[in-house]
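Everything on this sheet refers to the single structure shown next.
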Amino acid sequence: MSKYPDWTTPEVSDLREIAADQTLTWDEVAAALVRRNPGGRPVRSATAVRVCASKNRMPVRTLDDGTPLRPPRPVLPDDARSMLDAALDKAREEGRADVLDALREVIHQFGAGK
């Protein structure tokens, strides 16, 4: 069960109205929702606001010039495809039990593993 109650229809309507200004960050949208907090609605975090907006197909955030904000894409080495193919070939040769080990090795080669 969720820590907070589900979003109400009026709350989603307010979110939709505020989120129409795509230059606002999710933190700013969450703060604006708090200011419209009639009747003691639950205070929603920026993450909760973003998730609700995404589920309801609301506009993505943009820079002031209208450029959509997106999470930065990871920079992969030029030979990433060949490294992945080699790791998958190794996994096929070693059998299904070693697939996770081979994938972990690839992740470590990209520097993302811990």
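Descriptive notes on the structure:
- Of the residues making up the range 76-93, those that are open to solvent by less than 80 Å² (accessible area, probe 1.4 Å) and part of a helix (DSSP H, G or I) are Ala80, Ser82, Met83, Leu84, Asp85, Ala86, Ala87, Leu88, Asp89, Lys90, Ala91.
- Verdict on Leu69 being in contact with a Ser or Thr (Cβ under 8 Å, 6 or more places away or on another chain), at pLDDT below 75 and closer than 30 Å to Lys3 by Cα: yes
- Top-ranked residue in the range 1-21 [being open to solvent by 70 Å² or more (accessible area, probe 1.4 Å) and among the polar types (S, T, N, Q); ranked as nearest to the chain's Cα centre (by Cα)]: Ser2
- Across the range 22-55, the number of residues qualifying as open to solvent by 60 Å² or more (accessible area, probe 1.4 Å), part of a loop (DSSP other than H, G, I, E, B) and over 20 Å from Lys3 (Cβ atoms) comes to 4.
The values are calculated or read from the model by the stated rules, or taken from the named source; none is laboratory data. Values in this document were obtained by computation on a predicted structure and should not be read as measured data. Ideal geometry is used to build each Cβ from the backbone, glycine not excepted, and the neighbour counts take in all protein chains shown. The protein model used for the area step is the full one, side chains on, heavy atoms only, and it has no ligands, DNA or RNA in it. Shrake-Rupley method; radii C 1.70, N 1.55, O 1.52, S 1.80 Å.
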